[in-house]
1. Considering only the stretch 20-54, state which residues are surrounded by fewer than 13 Cβ atoms within 10 Å (Cβ to Cβ), under 19 Å from D112 (Cβ atoms) and not acidic (D, E).
2. Please find, among A116, A64, A72, the residue that is farther than 24 Å from A154 by Cβ, of a type in the set (A, V, I, L, M) and without any contact (Cβ under 8 Å) to a residue 24 or more places away in the chain.
3. Residue check: is E6 more than 12 Å from the chain's Cα centre (by Cα), over 18 Å from L151 (Cα atoms) and surrounded by 15 or more Cβ atoms within 10 Å (Cβ to Cβ)?
4. If I filter the stretch 113-142 down to residues being closer than 18 Å to K23 by Cα and hydrophobic (A, V, I, L, M, F, W, C), which single residue comes out as surrounded by the most Cβ atoms within 10 Å (Cβ to Cβ)?
5. Could you check, for the stretch 79-98, whether at least one of its residues is of a type in the set (F, W, Y), part of a helix (DSSP H, G or I) and in contact (Cβ under 8 Å) with a residue 40 or more places away in the chain?
6. For the stretch 111-137, how many residues are more than 20 Å from E28 (Cβ to Cβ) and assigned to a helix (DSSP H, G or I)?
Amino acid sequence: MGDLPEDDPFAALLADHADFVDKLTELEATLDEMMATRDASEENEILLDESVRFFEEELLPVLAAEDEVLLAPLEKAIGRYGTLVNVVGYEHDEIRRGVDKFRAATRELEADASWAAIQETNRHGIFLVQFLWDHFRKERMSLFPTARERLPAADLERIRKRFAP
């Protein structure tokens, strides 16, 4: 991950984020195509299903792990309210709600590939894409540096081990 040492507690997590951004870029392209053509092709629906699987099986477990091994100890170090812990915790909840809405929209699209269903899927999908890009940037630029500064070595090692490949 660029200039980070291999033993950086966030190196693996940042690599995951880079992989997630690639998947979000693919989702965005699919949504753009559906909006441009006003159609949901079989290929589009396959990619939407893969996106739901990605959110459920890859992204949401990472958020849960961040809540457990990063936000909980950081809350003890800096508090919750009025801090990044509160902001990031809220964003994790918002992402979970967004995934639920996107999943529901894709199910409706599968049942009836109408223009309204395409628009609804796009609305929830684009929200997730944009929100996650911003969220990952906030973690990289603010949350992770704060954790490096404020958490004891034992907590940073737990983070490194939890996200190690």
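Only the coordinates and a few stated rules stand behind these numbers; no lab work does. Just so you know, these numbers come straight off a predicted model, no measurement behind them. We place every Cβ from the backbone using ideal geometry, glycine too, and count neighbours over all the protein chains shown.
1. Residues satisfying the conditions are T37, R38, I46.
2. Details: A64 fails: farther than 24 Å from A154 by Cβ; A72 fails: farther than 24 Å from A154 by Cβ.
Result: A116 is the single residue among A116, A64, A72 that is farther than 24 Å from A154 by Cβ, of a type in the set (A, V, I, L, M) and without any contact (Cβ under 8 Å) to a residue 24 or more places away in the chain.
3. Details: more than 12 Å from the chain's Cα centre (by Cα): yes; over 18 Å from L151 (Cα atoms): yes; surrounded by 15 or more Cβ atoms within 10 Å (Cβ to Cβ): no.
Here the answer is no, as E6 does not meet what is asked.
4. L128
5. Kept after step one, since they are of a type in the set (F, W, Y), are these residues of the stretch 79-98: 81, 90.
Now drop any that are not part of a helix (DSSP H, G or I), which leaves 90.
Cutting the leftovers down to in contact (Cβ under 8 Å) with a residue 40 or more places away in the chain gives us none.
Checked the stretch 79-98: no residue is of a type in the set (F, W, Y), part of a helix (DSSP H, G or I) and in contact (Cβ under 8 Å) with a residue 40 or more places away in the chain.
6. Here is the first cut: in the stretch 111-137, the ones more than 20 Å from E28 (Cβ to Cβ) are 111-112, 114, 116.
With the extra rule that they be assigned to a helix (DSSP H, G or I), the set shrinks to 111, 116.
Residues flagged as more than 20 Å from E28 (Cβ to Cβ) and assigned to a helix (DSSP H, G or I) within the stretch 111-137 amount to 2.
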